[in-house]
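The values are calculated or read from the model by the stated rules, or taken from the named source; none is laboratory data. These figures come from a predicted structure and were not determined experimentally. Cβ placement follows ideal geometry from the backbone for every residue including glycine, while neighbour counts extend to all protein chains displayed. Just so you know, the surface numbers come from the protein's heavy atoms only, side chains and all, with ligands and any DNA or RNA stripped out. Shrake-Rupley method; radii C 1.70, N 1.55, O 1.52, S 1.80 Å.
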Amino acid sequence: MGGLKRKAYEAALEPLELELVGMARWAAVTGARIVVLFEGRDTAGKGGAIGAISHVLNPRQCRIVALSAPSEREQGQWYFQRYVPHLPARGEIVLFDRSWYNRAGVERVMGYAAPEQVGAFLEHAPAFEKMLVDDGILLFKYWLTCDQEEQEQRLAERLEDPLKRWKLSPVDLAARDKYTAYTEAREAMLAATHTPHAPWTLVDFNDQRRGRLTLIRNLLDRLPDTQCEAPALDFKPLGHEPAREEFGVLKPIASHQEA
């Protein structure tokens, strides 16, 4: 199956964007709390998938959470503690660009967490997620898959593109030799945390555009009926000629001129 062309991708994405806006309206009206976790290998396409969902939504309602490495104080906390403040309140949507599953993935593979810490996490994560779900949070967990050949191409692209160079870290480069170790970590994670109340969904992201469409369609299909009419607005005629901006104290800077 070849890569999906941009024109076809954008045509398929447009109706999904309308449904995403409807989802957000439904959440605001009903008070639903939605959490979506995006996990996967480096370069799998988490950021692009999150952007495809979030860019049409109100940033005051839909928040992206991408936490940096834990501080010294956070390392001494209950492991899940640093994630709890980022959970949604009534009517909010939170998209986690990596999540508490760092412990089962990068922390395990790169040796940042001891085996007993990883074991404790795999035991406690289902209970933590059951508390969230039992409290009414709609929790969706996605793992984005990517073959190593495709991963290598994307890493090389990041290295060569100055606009993407910031995405490449020493950890990303070190992970190149640990592809199999990440596979083993993923399988252990799925075995322990793929539960009836918080199941995992794996999405093929070797073609990122096709993967985004697949993920968004799956997310929308798993929500309750989100049909919720937009409130009617009385957009009356202005009643006079449109006014132009007037400036006294300061004026706008010079506009960009084409070369």
Translational diffusion of the range 150-203, µm² s⁻¹ [Kirkwood Rh, Cα pairs; Stokes-Einstein; 37 °C; 0.692 mPa s]: 248 µm²/s
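Taking square-rooted eigenvalues a ≥ b ≥ c of the alpha carbon gyration tensor, is the range 74-127 rounded, prolate or oblate, where a/c under 1.5 means rounded and, failing that, a/b exceeding b/c means prolate? Mind showing how you got there, number by number?
Numbers: a/c = 2.18, a/b = 1.95, b/c = 1.12.
The shape class here is prolate.
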Collect residues whose amide H, placed 1.01 Å from N in the peptide plane, falls under 5 Å from the amide H of Trp200; neighbours closer than 5 in sequence don't count. Thr195
Dipole of the range 1-139 (Lys/Arg Cβ +1, Asp/Glu Cβ -1, origin at the Cα centre): which of Val94, His124, Gly51 lies farthest to the positive side? Gly51
Between Ala181 and Asp161, with labels modelled 7 Å along Cα→Cβ, what's the label distance in nm to one decimal, could you check? 2.8 nm
Need the C-alpha centroid separation for the range 1-44 versus the range 53-125, integer Å. 21 Å
To the nearest 10 degrees, how steep is helix 208-222 against the longest Cα principal axis of the chain, on a 0 to 90 scale? 90 degrees
With all protein chains present, calculate the accessible area of Arg33 using a 1.4 Å probe and round the result to the nearest 10 Å². 50 Å²
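Using the Cβ atoms and a cut-off under 10 Å, what net charge is assigned to the surroundings of Leu67, where Lys and Arg are +1 and Asp and Glu are -1? Working shown, then result.
On the way: positive: Arg82, Arg98; negative: Glu74, Asp97.
Taking every Cβ under 10 Å from that of Leu67, the sum is 0.
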Once all protein chains are kept in place, Met110 shows an accessible area at probe 1.4 Å, nearest 10 Å², of 40 Å²
Once R0 is set to 25 Å, what does the formula 1/(1 + (r/R0)^6) return for the Cβ-Cβ distance between Asn218 and Asp135, expressed as a FRET efficiency to the nearest 0.05? 0.60
With each pseudo-label sitting 7 Å past Cα toward Cβ, what's the Leu173-Arg98 distance in nm, one decimal? 1.7 nm
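Indicate the gyration tensor shape class of the range 110-259 (rounded, prolate or oblate), computed on the Cα atoms with a ≥ b ≥ c the square roots of the eigenvalues: a/c under 1.5 is rounded; otherwise a/b larger than b/c is prolate and the rest oblate. Let's see the in-between values first.
Numbers: a/c = 2.56, a/b = 1.49, b/c = 1.73.
Oblate, since a/c reaches 1.5 and b/c is not below a/b.
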Taking a ≥ b ≥ c as the square roots of the eigenvalues of the Cα gyration tensor of the range 36-158, is the shape rounded (a/c under 1.5), prolate (a/b larger than b/c) or oblate? oblate
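Counting alpha carbon pairs within less than 8 Å and at least 6 residues apart, what relative contact order, in whole percent, applies to the chain?
On the way: 286 pairs, mean separation 73.2, N = 259.
Relative contact order comes out at 28 percent.
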Magnitude of the Cβ-charge dipole of the chain, K/R +1 and D/E -1, about the Cα centre, nearest 20 debye? 240 debye
Using a 1.4 Å probe on the protein heavy atoms only, what accessible surface does Asp225 show? Give it in Å² to the nearest 10. 120 Å²
Helix-only [θ]222 nm of the chain, DSSP H runs n ≥ 4, -39500 (n - 2.57) each, per residue, nearest 500: -13000 deg cm²/dmol
If one puts a single equal scatterer on every Cα of the range 23-84 and applies the Debye formula without solvent, what log₁₀ I(q)/I(0) results at q = 0.13, 0.15 Å⁻¹? -0.50, -0.65
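For Gln61 and Leu238, what is the calculated FRET efficiency with R₀ set at 35 Å and r taken between the beta-carbons, to the nearest 0.05?
Values: r = 29 Å, r/R0 = 0.83.
After rounding to 0.05, the efficiency reads 0.75.
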Could I have the simple spin-label model distance between Ser71 and His86, label points 7 Å from Cα toward Cβ, reported in nm to one decimal? 1.5 nm
Mean projection of the alpha-carbon convex hull of the chain over all orientations, in nm²? 20.7 nm²
Stretchable slack from Ala120 to Asp204, in nm (0.36 nm times residue separation minus alpha-carbon distance): 27.3 nm
